[in-house]
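In what follows, a single structure is set out as structure tokens and then discussed.
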Amino acid sequence: MFVYEKDILINDIDLWLDPKRVRDFGFISHAHGDHIARHKNIICTHPTGYFLKKRLKNPNFIALSYNQFFKIKNTVITLHPAGHILGSAQIQIKSKDTSLVYTGDFRIRPAKTVEPFEFVKSDILIMESTFGLPHYKIPPREQTEDELIDLCRSLLKHGKVPVVLAYSLGKGQEALKILSEAGLPVVVEYNILRYVSIYEKYGVKFGEFEKLKRSEFRGKVLLMPVQDRFKSYLKNLPGAYTIYLSGWGIDPSAAQRFGVDKVLPLSDHADFDELIELVEKTKPEIIYATHGFDQFVNILRNAGFNAYNLEEAGGRK
Ligand SMILES: [Zn+2]
């Protein structure tokens, strides 16, 4: 049903899945920078379409609702919530002989800013497997949220400036919801702020917050894109304490690796248990794992699954 040639191609209908290179026809699972390109024709969800309009010049897309049927030749396509960021989608492709699900980035645990994940059964599963080692067990979201709120409160009390670092799209709005609903005084950098109205359009509510102005840091929590952490004005900010929100916070060396004071394990990817939960609940005949550790495929094989590394196997016709 598909071939893998650096990107995934559904060959019956010439549809590429999250291709990195510009293609004639591409499915974009979600609007993170490493998944988008200005393909001639794009399939995506409505929220992803709104994000693409902000990120690409005149994108040409067909927006589908979740579970809406879209027929191409003898094939039916449907999109299903992936739980990663607002609008993120898995795609199911069904022909008369077989079916395939490609997850894109996904998370099963519910979050406050994302449509709940949906389990979709298929013969072939192509799954993201970022945290595919058993020690990547992400703590319950509520626990990390409380830790973030308590840490910010304590830093403010001691005259420090908490700087919360998150990806501009997805984690940034999740952090804004957590911090603003806790009643913390939050100032938000423009690259996170620019997507907030799209979240609000889809019913996500936020508490009070302000737009970041560089002169007014004292007594406030700064919410900034993670790539800003090396900027000189932040490095020279007296009393700044940087907190990065990432699933990699499970690794003890994460703070040092990312060059921050603290990494809290708030993740928008499935952890190891969720990866296993997906394959156990959907029971695909063949699994292709991608974006992960090589050992994950062996773990799946030992558990009785017919699993391959996508990049090595190269897909089957
Ligand atoms: Zn992503």
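Every number in this text was worked out from the coordinates using simple rules, so none of it is lab data. These figures come from a predicted structure and were not determined experimentally. Here the Cβ is made from the backbone with ideal geometry for all residues, glycine too, and neighbour counts use every protein chain on show.
Any idea how many residues of the range 65-85 are under 19 Å from the mean Cα position of the chain (by Cα) and either within 16 Å of the ligand (Cβ to nearest atom) or not in a loop (DSSP other than H, G, I, E, B) (or both)?
The total comes to 7.
Output the number of the condition that GLY304 fails; it satisfies all remaining conditions of (1) outside any helix (DSSP H, G or I); (2) crowded, with 19+ Cβ neighbours inside 10 Å.
Checking GLY304 against (1) outside any helix (DSSP H, G or I); (2) crowded, with 19+ Cβ neighbours inside 10 Å, the one that fails is (2).
Please go through the range 2-25 and pick out each residue that is at positive phi and buried (at least 18 other Cβ atoms within 10 Å of the Cβ).
ASP18
Just for the range 252-271: of the residues that are in contact (Cβ under 8 Å) with a residue 40 or more places away in the chain and aliphatic (A, V, I, L, M), which one is nearest to the ligand (Cβ to nearest atom)?
Filtering first and then ranking leaves ALA270.
Would you confirm whether or not the range 225-235 contains a residue that is in contact (Cβ under 8 Å) with a residue 12 or more places away in the chain, among the hydroxyl-bearing types (Ser, Thr, Tyr) and assigned to a helix (DSSP H, G or I)?
Yes: one or more hits.
Mind checking whether some residue in the range 48-57 is more than 16 Å from the ligand (Cβ to nearest atom) and either of a type in the set (Val, Ile, Thr) or assigned to a strand (DSSP E or B) (or both)?
no
Go through the range 153-177 and report how many residues are away from the ligand (no atom under 16 Å from the Cβ) and either outside any helix (DSSP H, G or I) or more than 25 Å from PRO238 (Cα to Cα) (or both).
Total satisfying the criteria: 9.
Which residues, taken from the range 86-118, are outside any strand (DSSP E or B) and hydroxyl-bearing (Ser, Thr, Tyr)?
Within the range 86-118, SER88, SER95, THR98, THR103, THR113 qualify.
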